[in-house]
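The values are calculated or read from the model by the stated rules, or taken from the named source; none is laboratory data. From a predicted model like this one, the values you see are computed outputs, not experimental measurements. Cβ placement follows ideal geometry from the backbone for every residue including glycine, while neighbour counts extend to all protein chains displayed. Calculation scope for accessible area: heavy atoms of the full protein, side chains included, ligands and nucleic acids excluded. Shrake-Rupley method; radii C 1.70, N 1.55, O 1.52, S 1.80 Å.
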Amino acid sequence: METRIFKIDPKNIDKKSIFECAEILKQGGTVAFPTETVYGLGANALDKNAVLKIFQAKGRPADNPLILHVHALSELDKYAESVPESVGMLARFFWPGPLSIILEKKNMIPDIATGGLTTVAFRIPSNEIALKLIETAGIPIAAPSANLSGKPSTTDGSHVIEDLSGRVDAIIDAGRSRIGVESTVLDLTVSPPEILRPGGISFRELKMVIPDIKRAYSIDSGSTPRSPGMKYRHYSPDSPLTIIKGSDTRVIKKINDMMSENPGSGILCSDETINRYKSSNRISAGSRNNPSEIASNIFHALRLFDKSGVTGIYCEYFGIGDLEEAVMNRLIKASINIIDLG
Ligand code: TXA
Ligand code: MG
């Protein structure tokens, strides 16, 4: 399949490209597009055949439900069986933005889009290109992250081209994603509401709006039994990733020791520690004082290591406050081993 690439400048969005991509979506095609979290691979959520193409292009297991992307709150009434009052409040604080809200679905949403579940996740992204595309298409856009299933999510147009060129109808390349980790997935069909996946909106922020909110995932293992997608191997770079947790001194010594045994490996660290590693095979994800910087670089760094052909990756544990759960959830799921030095 020939994939059309649309390069769009986020500061000067080309209307004609948006229009053409919206046409592809309306006609049942697939378009990868930027969002503020990661890139998404979109298709018309109301069209079974179009949604099937997403699963085929990614090699995604059929029981892993997709998120419906809409451009306005008023759209929810069309596709959700009922919209609880708390949605209005959540929307006021967090939409458009990195929060996906699960509600009971109406029958018009095909089962294939929700992996056979009777519920469906909604998100209004804040990225202007995404919003314009969804609004112009005039349909809800089902979109998982735009990566091959099992690989790190894509946070740059070039990552999407690497993974999906030849497998989708179009790719919008608009450079790097601002947030760099996916949305927080919140289930409002249970009481009290549960967070199924940590993401761009933190537990602390959500708790301010929904005081009895619960985490349905374990912070240490990154697993979420109730979210179908969470049981699959995820975010995995080609080279095996090991996380090392403990005080800086012990972690740095351990990684330096392991690097002397496996000099072909790479180190994923922070601005604060990078100069304390002996090997030059090292990438800083950013400063610990700037958690958003670390979050936005994490998937990019994993992909850089794969390109450089390292034989393994040793990664520091990033204790970075509010975004720690989202970042470490992704890294733990990408890892084969965690060494806790206590
Ligand atoms: O930031 C994001 O959320 C990105 C951008 C493109 O919007 N999308 C994304 O989609 O990360 P995906 O498919 O890679 O992850 C969606 C997650 C999966 O873990 C899936 O199992 C869960 O949300 N999910 C979606 N609908 C669900 C539902 N009805 N019930 C339980 N979990 C659901
Ligand atoms: Mg994904």
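Less than 5 angstrom separates the built amide H of residue 174 from those of 8, 157, all sequence-distant by 5 or more or on a different chain.
Can you work out the FRET efficiency for the pair residue 82 and residue 220, with r the C-beta to C-beta distance and R0 = 41 Å, to the nearest 0.05?
Numbers: r = 35 Å, r/R0 = 0.86.
Approximately 0.70, to the nearest 0.05.
Pairs 58/214; 7/307; 26/214; 48/333; 7/106: which are spaced more than 28 Å apart, C-alpha to C-alpha? Before the final figure, lay out the partial values.
Working: 58/214 31 Å; 7/307 23 Å; 26/214 38 Å; 48/333 30 Å; 7/106 36 Å.
Flagged as over cut-off: 58/214; 26/214; 48/333; 7/106.
The phi-based Karplus calculation (6.51 cos²θ - 1.76 cosθ + 1.60; θ = phi - 60°) puts the 3J(HN,Hα) values of the range 73-85 at 4, 4, 5, 4, 4, 6, 10, 9, 4, 8, 10, x, 4 Hz, whole numbers, x for Gly and Pro.
Dipole magnitude for the range 1-73: about 60 debye, using +1 per Lys or Arg Cβ and -1 per Asp or Glu Cβ, origin at the Cα centre. Remark: the range 277-330 carries a charge dipole of roughly 320 debye about the Cα centre, counting +1 on each Lys and Arg Cβ and -1 on each Asp and Glu Cβ. Per-residue Karplus couplings for the range 174-185, computed as 6.51 cos²θ - 1.76 cosθ + 1.60 with θ equal to phi - 60°, are listed in order as 10, x, 6, 7, 5, 8, x, 10, 6, 5, 6, 9 Hz, Gly and Pro entered as x.
How large is the helix-only mean residue ellipticity at 222 nm for the chain, computed as the sum of -39500 (n - 2.57) over DSSP H runs with n ≥ 4, divided by its residue count, in deg cm²/dmol to the nearest 500? Walk me through the numbers before you get to the answer.
Details: 10 runs with 105 residues, N = 342.
Estimated from H runs of four or more residues: -9000 deg cm²/dmol.
Can you tell me the length gained on complete extension of the stretch residue 19 to residue 289, counting 0.36 nm per residue apart and subtracting the Cα distance?
Roughly 93.1 nm would be gained on extension.
The HN-Hα couplings worked out from phi for the range 92-103 by the Karplus form 6.51 cos²θ - 1.76 cosθ + 1.60 (θ = phi - 60°) are 4, 7, 10, 10, x, x, x, 10, 10, 10, 8, 10 Hz, whole numbers, x standing for Gly and Pro.
Distances between placed amide hydrogens fall under 5 Å for residue 122 paired with 68, 101, 102, 103, all partners being 5 or more residues away or on another chain. Here the peptides 107-119, 306-318, 4-16, 149-161 are ranked by packing, the mean other Cβ count within 10 Å, and the order with the highest first is 149-161, 306-318, 107-119, 4-16.
Take the solvent-accessible surface of the protein heavy atoms, probe 1.4 Å, and return the percent of it on the chain that carbon and sulfur atoms account for.
Numbers: 7070 of 14010 Å².
So the carbon and sulfur contribution to the accessible surface is 50 percent.
Tell me the relative contact order for the chain as a rounded percent, counting alpha carbon contacts under 8 Å between residues six or more apart.
On the way: 777 pairs, mean separation 66.2, N = 342.
The value is 19 percent.
Put simply, the amide H of residue 184, placed in the peptide plane, has neighbours under 5 Å in 99, 100, 199, 200, 201, leaving out anything fewer than 5 places away on its chain.
Given the chain, what percent of its DSSP beta bridges are antiparallel, to the nearest 5? Among the beta bridges of the chain, antiparallel pairing accounts for roughly 40 percent.
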